[in-house]
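Novice: Mind looking over this structure? Questions follow.
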Amino acid sequence: MERFSIIKGDIVKAKTDAIVNAANTSLLGGGGVDGAIHRAAGKELLAECETLGGCKTGEAKITKGYKLKAKFVIHTPGPIWRGGKWDEESLLANCYQNSLQLAEQYDIQTIAFPSISTGVYRFPVGLAAEIAVREIMSYLEVHPKIQNVVMVCFDDDTKLAYQNALEQYQKAHT
Ligand code: ADP
């Protein structure tokens, strides 16, 4: 079975051990996927987030999932796209790497990611997909403990961008 898959859907409904939240650095909730996760998890999630003291862009922090099906939420603030000369690409790569490392520390075997930074933060989706696929695939190759990673895309265009990126990655690595 493939360990990495790309689907269209709502990450709030994911049945993975953990879901990743495209958070902001305050960790106190926001719009987009962040708002949806907080609404579905309930107020206790915000209460736990308030104890964490925020999170730097590209880093990751973990909480319980409360009312979500997922046992854990990994919160990672993606970079705001400011034209590409402000380290946006490596900061986005850090989001995926740090989230996966944290998952492994907590013995998480299955994890769902949203398309970090490509909504309100305006990161170009083609480039974001290339970075996400590269980071996830190369992580899985050397870390057998994580069994399954699913990229949960909210719309068709986003899903297509990730599928294209995966195809390119596989072509370059066979
Ligand atoms: P960012 O601030 O990191 O750009 P956004 O939440 O604005 O985060 O958008 C990131 C991506 O998450 C976008 O592709 C958006 O369409 C998508 N998204 C929004 N809600 C959900 C959801 N419930 N499940 C999965 N993806 C979602």
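Rule-based calculations on the coordinates, nothing more; no lab input. In this text the structure is predicted, and so the values were computed from the model without any measurement. FYI the Cβ positions are ideal-geometry reconstructions off the backbone, even for glycines, and counts take in every protein chain you see.
Novice: Structure shown: which of 13/61; 15/56; 56/159; 15/145 lie over 23 Å apart, alpha-carbon to alpha-carbon?
Specialist: 15/56; 56/159
Novice: Relative to the longest principal Cα axis of the chain, at what angle does helix 156-172 sit, 0 to 90 degrees, rounded to 10?
Specialist: 50 degrees
Novice: Report, largest value first, the span of the C-alpha coordinates of the chain along each principal axis, in whole Å.
Specialist: If we take the Cα atoms of the chain, the spans are 46, 38, 28 Å.
Novice: Something else about it: So how tilted is helix 32-41 from the main axis of the chain? Cα-based, degrees 0 to 90, rounded to 10.
Specialist: It is inclined by approximately 50 degrees.
Novice: Taking the alpha-carbon centroid of each part, what is the distance from region 6-78 to region 106-172 in angstrom?
Specialist: A separation of 17 Å, based on Cα centres.
Novice: Report the calculated FRET efficiency for residue 69 and residue 173 (r = Cβ-Cβ distance, R0 = 41 Å), to the nearest 0.05.
Specialist: 0.80
Novice: I want to check the label-to-label distance for residue 47 and residue 2. Put each point 7 Å from Cα in the C-beta direction and report it in nm to one decimal.
Specialist: 4.1 nm
Novice: Also, quick follow-up: Within 10 Å, count the other beta carbons around each residue, average over each peptide in 155-161, 88-94, and list them highest first.
Specialist: 88-94, 155-161
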